[in-house]
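Engineer: Have a look at this one.
Every number in this text was worked out from the coordinates using simple rules, so none of it is lab data. Just so it is clear, the model here is predicted, and its values are computed rather than measured. With ideal geometry, Cβ positions are generated from the backbone for all residues, glycine too; neighbour counts draw on all protein chains shown.
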Amino acid sequence: MSKFAYLSVLLACLLGTAWLEYFLRTKVYRRIIRLTLTVAPVLVVFSIWDAYAIAQGHWTFDPRFITGVTLIAKIPLDEILFFIVIPICAILSFEAVRSARNWEAGDEDTK
Amino acid sequence: MTYTELTCFGVLIVTALDLFLFRTKILKRRVFWVSYAIVIFFQLVTNGILTGFGIVEYDGDAIIGSGTSQSSPPTFIGDGRLAFAPIEDLLFGFCLVVLTLIIWVWLGRIGVQREPKAGPPRASVERFLRTK
């Protein structure tokens, strides 16, 4: 274990879902504008939650397992990346199921 | 507010956003619940690593279960925990995933990169899906 432990988990999440883009043709990364516009507000909302939780002492991080880099409000870089990686994984899973099953999600062209 | 209270509050908020404000209504769709079931499984695995190794630790006053430290590691199941992680994390994850998908679907509805659509799966996957 090292200070890259947390980051390794995030990398595993990215690699573990990346194949969906190719094999199920999720086309999530190809819709980069929509992906960015989705992740940005989620990142803001959950960083605020995280900052509050850290300030209140709801959770703490073992310094041996995180990078030690903090950008803002004492939030570890690892956490910031978590709030980017997990939304991407969620969207990839969602679009993969949709691709496999052809189920509607509510954003189809209605004409 | 405690972590327990915040997560319950969060679930109410994202549910209201989905059903009444954005009206995306993903919570009423099969595609959401099936993909969420997959997400939960992997959340338990990855979060189990983060909490089981003590990369992240929780204050016993903020959660239903008790706090942990290197000298008193979390239990696998029980004491308000599932796969080492506080059960509050399941609600936290629900908020994170649902908020993400609300915005993703809503953007598609207002016409932001609705295309290219997902699918169809590659032939190799299609064959696998059909044999199931």
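Engineer: Anything in region A:43-88 that is exposed (fewer than 15 other Cβ atoms within 10 Å of the Cβ) and charged (D, E, K, R)? List them, or say none.
Structural biologist: Within region A:43-88, A:ARG64, A:LYS74 qualify.
Engineer: Just the residues that are more than 9 Å from chain A (Cβ to nearest Cβ) and either of a type in the set (Asp, Glu) or farther than 15 Å from A:ALA96 by Cα (or both), please, taken from region B:112-132.
Structural biologist: Across region B:112-132, the qualifying residues are B:ARG127, B:ARG130, B:THR131, B:LYS132.
Engineer: Still on this structure, please answer the following. Of (1) surrounded by 17 or more Cβ atoms within 10 Å (Cβ to Cβ); (2) under 23 Å from B:ILE40 (Cβ atoms), B:GLY108 satisfies all except one. Which?
Structural biologist: In the conditions (1) surrounded by 17 or more Cβ atoms within 10 Å (Cβ to Cβ); (2) under 23 Å from B:ILE40 (Cβ atoms), B:GLY108 misses (2) alone.
Engineer: Here's something else I'd like to know. I need the full set of residues from region A:50-84 which are part of a helix (DSSP H, G or I), farther than 23 Å from B:GLY52 by Cβ and out of contact with any strand residue (DSSP E or B) (no Cβ under 9 Å at 6 or more places or on another chain), in order please.
Structural biologist: A:TYR52, A:ALA55, A:GLN56, A:ILE84 - these are the residues of region A:50-84 that are part of a helix (DSSP H, G or I), farther than 23 Å from B:GLY52 by Cβ and out of contact with any strand residue (DSSP E or B) (no Cβ under 9 Å at 6 or more places or on another chain).
Engineer: Could you say which residue among A:LEU43, A:LEU77 is more than 16 Å from B:CYS95 (Cα to Cα) and either in contact (Cβ under 8 Å) with a residue 60 or more places away in the chain or more than 7 Å from chain B (Cβ to nearest Cβ) (or both)?
Structural biologist: Sole residue among the options that is more than 16 Å from B:CYS95 (Cα to Cα) and either in contact (Cβ under 8 Å) with a residue 60 or more places away in the chain or more than 7 Å from chain B (Cβ to nearest Cβ) (or both): A:LEU77.
Engineer: Residue by residue through region A:19-33, note down the ones that are assigned to a helix (DSSP H, G or I) and in contact (Cβ under 8 Å) with a residue 40 or more places away in the chain.
Structural biologist: Hits for region A:19-33 are A:LEU20, A:GLU21.
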